[in-house]
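Notes follow once the structure below has been shown.
The values are calculated or read from the model by the stated rules, or taken from the named source; none is laboratory data. None of the values given here were measured: they were computed from a predicted structure. Cβ sites come from the backbone with ideal geometry, for glycine too, and all protein chains shown count toward neighbours. The area values use the complete protein model at the heavy-atom level, side chains included, leaving out ligands, DNA and RNA. Shrake-Rupley method; radii C 1.70, N 1.55, O 1.52, S 1.80 Å.
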Amino acid sequence: MELTSILAKAEKGEQLSREDAVALLHTDNTSSSFYQLIAAANERSRRVFGNKGYIFAQIGLNAYPCSGNCSFCSLAEKHFVVGEHYEKSCEEVVAQVREMETDRIEALFLMTTADFSQQKFLEIGRAVRGVLDKKVHLVANIGDFDEKMAVQLKEAGFDGAYHIVRLREGTDTQIPREKRIATLDAITKAGLDLYYCVEPIGPEHTYEELADEMLRAREYKVNMMAVMGRVGVPGTRFADSGEITELELTKIAAVAGLVTAPGKSMNVHEPKKMPLLAGVNQLYAEIGINPRDTSEKTEDNRGKGIRETVKLLEEAEYRVEKRK
Ligand code: SF4
């Protein structure tokens with residue numbers, strides 16, 4: 001099907017097929033069709049999201065060698081490349097949350113490596129919930145878990161969880177895809193909101209692989225969708241494998257917005273300006289460690305803070321509300 005027919009289908013609110021998604025992803029980034037595509041994605045986002053912009057903040061709680069062994073991650077135990085091992089105490093996390101400008105954030109993510117104690121995570125979650133504005137969504141970004149843990153997360157005050165099947169899960173990671181899918185099922189069964197992302201995208205991934213994850217997110221009725229390019233972290237297996245360009249990421253974000261059709265937000269990791277033209281209305285502020293960084297304080301290195309991310313969205317004329 002031609003690009004204009006696929007975009008017309010999307011405009012009518014019809015679901016796009018895997019074939020449609022792959023065709024859109026094949027759009028030449030230097031063609032005028034590219035601008036038709038990003039215009040359609042931008043129009044949908046502005047209309048469906050009411051021109052609202054959102055900041056999600058994320059705190060990395062620990063930096064330990066992780067048995068998940070994702071070949072692209074700075075924390076994998078087979079090549080751990082972060083300066084120091086650390087784990088924040090519950091008191092430190094609570095103090096950090098108290099210091100944050102939470103009146104500008106919509107959601108707070110707490111992130112750990114896959115082996116972090118789930119009981120300890122629940123304790124920290126309860127303590128954070130105790131000091132966090134009730135209107136801010138609390139989101140878990142942790143390893144795989146079962147239905148019992150999903151219910152415990154909910155009881156501890158979590159509203160949602162970030163969880164995905166990574167590209168080439170089980171090949172570029174040591175985690176079976178089935179395990180990831182079982183956790184996705186546990187999340188939705190417990191009534192937690194699912195935050196999804198197509199990641200980490202490298203030049204070797206096929207458009208079919210990307211389309212499959214966009215459709216998976218739609219099957220789970222994801223309202224908060226994202227795409228992320230892989231960063232060639234020095235010391236990891238992908239250090240010299242190349243990265244996709246910002247223009248390519250912008251196109252992928254546009255297609256994900258149209259194919260998954262989230263109801264609340266569309267994001268790119270890490271914060272970038274170009275994708276804001278293609279329907280991206282949500283950015284992350286990050287504190288502590290993140291898998292794309294070798295610094296244990298990403299806010300001093302790759303990560304951006306709350307003020308900077310608010311400014312980026314406002315420059316794109318998204319309205320980031322300040323809570324009273
Ligand atoms: S991406 Fe997550 S699961 Fe994989 S190695 Fe890094 S911390 Fe572990």
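Which cross-chain or sequence-distant (5 or more) residues have an amide H under 5 Å from the amide H of Gln282, H modelled 1.01 Å from N in plane?
Long-range HN contacts for Gln282: Tyr54, Met266, Val268.
What's the carbon and sulfur percent of the chain's accessible surface, probe 1.4 angstrom, rounded to a whole number? Can you show the working numbers first?
Working: 6400 of 13520 Å².
Its accessible area is 47 percent carbon and sulfur atoms.
How much accessible area per residue does the chain have, in Å², with a 1.4 Å probe? Before the final figure, lay out the partial values.
On the way: 13520 Å² over 324 residues.
Per residue, the chain has 42 Å² of solvent-accessible surface.
Test of understanding: what is the full-extension gain from Lys273 to Glu248, defined as 0.36 nm times their sequence separation minus their Cα-Cα distance?
On the way: separation 25, 0.36 × 25 = 9.00 nm, distance 1.31 nm.
Full extension from Lys273 to Glu248 adds 7.7 nm.
May I ask which of Lys120/Lys324; Lys120/Lys264; Lys88/Lys134; Lys120/Lys311; Lys9/Lys52 have a Cα-Cα span longer than 29 Å here?
Cα-Cα > 29 Å for Lys120/Lys324; Lys120/Lys264; Lys120/Lys311; rest within.
If you fit an axis through the alpha-carbon atoms of helix 147-156 and take the longest principal axis of the Cα set of the chain, what angle between them do you get, 0 to 90°, nearest 10?
70
Which order do the peptides 101-108, 56-63 take when ranked by the mean count of other beta-carbon atoms within 10 Å per residue, highest first? Can you show the working numbers first?
Working: 101-108: 19.5, 56-63: 24.2.
Highest-to-lowest ranking by the protection proxy: 56-63, 101-108.
Expected output is a single nm value to one decimal: the length gained when fully extending between Lys12 and Glu308, i.e. 0.36 nm times separation in residues minus the C-alpha distance. What is it? Each step should come with its number before you reach the end.
Working: separation 296, 0.36 × 296 = 106.56 nm, distance 3.56 nm.
Stretched out fully, the Lys12 to Glu308 stretch lengthens by 103.0 nm.
Where the centroid of each part is defined by its Cα atoms, how far is region 110-160 from region 15-33 in Å?
Distance between centres, Cα-based: 37 Å.
Take the alpha carbon atoms of region 236-273, find their center, do the same for region 194-228, and report the distance between the two centers in whole angstrom.
Answer, in whole Å: 9.
By how many degrees, 0 to 90 and rounded to 10, does the Cα axis of helix 177-189 deviate from the longest principal axis of the chain?
Tilt relative to the chain: about 80 degrees.
For region 117-124, what does the Karplus curve 6.51 cos²θ - 1.76 cosθ + 1.60, with θ = phi - 60°, yield as ³J(HN,Hα) per residue in whole Hz, taken in order and with x for Gly and Pro?
4, 5, 5, 5, 5, 5, 4, 4
Ordered by residue, what ³J(HN,Hα) values in Hz, to whole numbers, does region 213-226 give under the Karplus form 6.51 cos²θ - 1.76 cosθ + 1.60, where θ = phi - 60° and Gly and Pro are x?
Once θ is set to phi - 60°, the couplings for region 213-226 become 6, 5, 6, 4, 4, 5, 4, 8, 6, 5, 9, 10, 10, 8 Hz.
Once the Cβ-Cβ distance between Thr206 and Glu91 is put in as r, and R0 is 41 Å, what FRET efficiency do you end up with, to the nearest 0.05? Provide the component values of the computation, followed by the final result.
Working: r = 47 Å, r/R0 = 1.14.
Once the sixth-power term is evaluated, E becomes 0.30.
For a quick check: with amide H placed at 1.01 Å from N, whose amide H comes under 5 Å from Gly232's, ignoring anything fewer than 5 positions away on the same chain?
Here the answer is none, since no amide H 5 or more places off falls under 5 Å of that of Gly232.
Enumerate by residue number the GluC sites (Glu not before Pro) in region 140-241 meeting two conditions: DSSP loop (anything except H, G, I, E, B), and at most 14 other Cβ atoms within 10 Å of the site's Cβ. Please report the intermediate quantities before stating the final value.
Details: sites: Glu147, Glu155, Glu169, Glu178, Glu204, Glu208, Glu209, Glu213, Glu219; in loops: Glu169, Glu204.
Answer in residue order: Glu204.
With each pseudo-label sitting 7 Å past Cα toward Cβ, what's the Asn29-Gln119 distance in nm, one decimal?
Output for this residue pair reads 4.9 nm.
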